[in-house]
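Visitor: Could you have a look at this structure, given as structure tokens, before my questions?
The numbers here are math on the coordinates, done by the rules we state, and not lab data. Source: prediction; values computed, not measured. No Cβ is skipped: glycine too gets one built from the backbone with ideal geometry, and neighbour counts run over all protein chains shown.
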Amino acid sequence: MPLAAAPVAFSLVSLSATGDVRGGAAMILAMTAASVLGAVPITRAGRRLAPLSCFRILVAVRVAALVAMTVAAVTGAAFGWLLVAALLLGSVHGAAHGILRSLLAGIVPGSGFPRALGIAATLNELVFVISPVLASLLGGASPAVALAAMTAAGPAGPGHPARPAARGAGAGKGTCSHAPGPVLAGRRRRWRLRRRGLRDRGRRAGAPLWA
């Protein structure tokens with residue numbers, strides 16, 4: 001929701017703070033640039049954390065940025081502080097999205113992963129349709145109210161993903177991006193069974209193993 005509602009909410013905040021909606025475009029540009037530039041470095045920096053822990057930290061940073069932006073809008077702070085908050089908000093978007101997708105790969109069986117992706121895409125589109133409308137309605141009362149709603153929606157995600165470590169050996173350890181999921185584990189299991197079958201046939205034929 002914060003990403004989907006940002007264009008409308010930022011424009012209303014900029015209009016209230018500076019009397020010009022172009023400041024909202026500057027905030028969106030800052031947020032998008034920070035998202036692109038920060039995705040890889042932030043993901044690599046969290047490689048030693050479990051994916052779920054890393055995801056929660058990133059969402060906490062996002063909530064802190066939204067709180068700072070809301071406070072700046074309410075107190076009438078300088079527009080530069082809104083830009084700084086937008087940069088902080090965007091810096092975690094790319095990494096959080098990638099980690100959330102890796103969590104999905106870890107908790108959904110391989111056979112159900114395409115269906116899970118379809119459901120996730122549908123929900124994503126639904127949020128992107130509804131959020132700007134809600135931002136417009138709430139921002140009509142006050143831009144700070146729209147930002148407060150974005151802030152309240154920010155921490156809604158961290159408690160929902162299941163713990164991937166319980167689904168497979170080594171999952172969720174040593175990397176912020178998820179360890180090999182059910183699909184790769186299934187391929188390895190099939191490879192081991194195939195290797196065992198070849199070895200059994202070699203023993204029955206009396207041939208040296210792996211000759």
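Visitor: How long are the semi-axes of the equivalent ellipsoid of segment 1-155, defined as square roots of 5 times the Cα gyration tensor eigenvalues? Whole Å, largest first.
Guide: Each semi-axis is √(5λ); the values are 29, 18, 12 Å.
Visitor: Residue 29 versus residue 74, label points 7 Å from Cα toward the beta carbon: distance in nm?
Guide: 3.0
Visitor: Which order, highest average first, do 40-48, 86-94 follow once you tally other Cβ atoms within 10 Å for each residue and take the mean per peptide?
Guide: Result, highest mean Cβ count within 10 Å first: 86-94, 40-48.
Visitor: Then there's this: To the nearest 20 debye, what charge dipole does segment 2-154 have about its Cα centre, counting +1 at the Cβ of each Lys and Arg and -1 at the Cβ of each Asp and Glu?
Guide: 540
Visitor: Pop a pseudo-label 7 angstrom from the Cα along the beta-carbon direction at both residue 152 and residue 133 and give the gap in nm to one decimal.
Guide: Each label point is offset 7 Å from its Cα along the Cβ direction, giving 1.9 nm.
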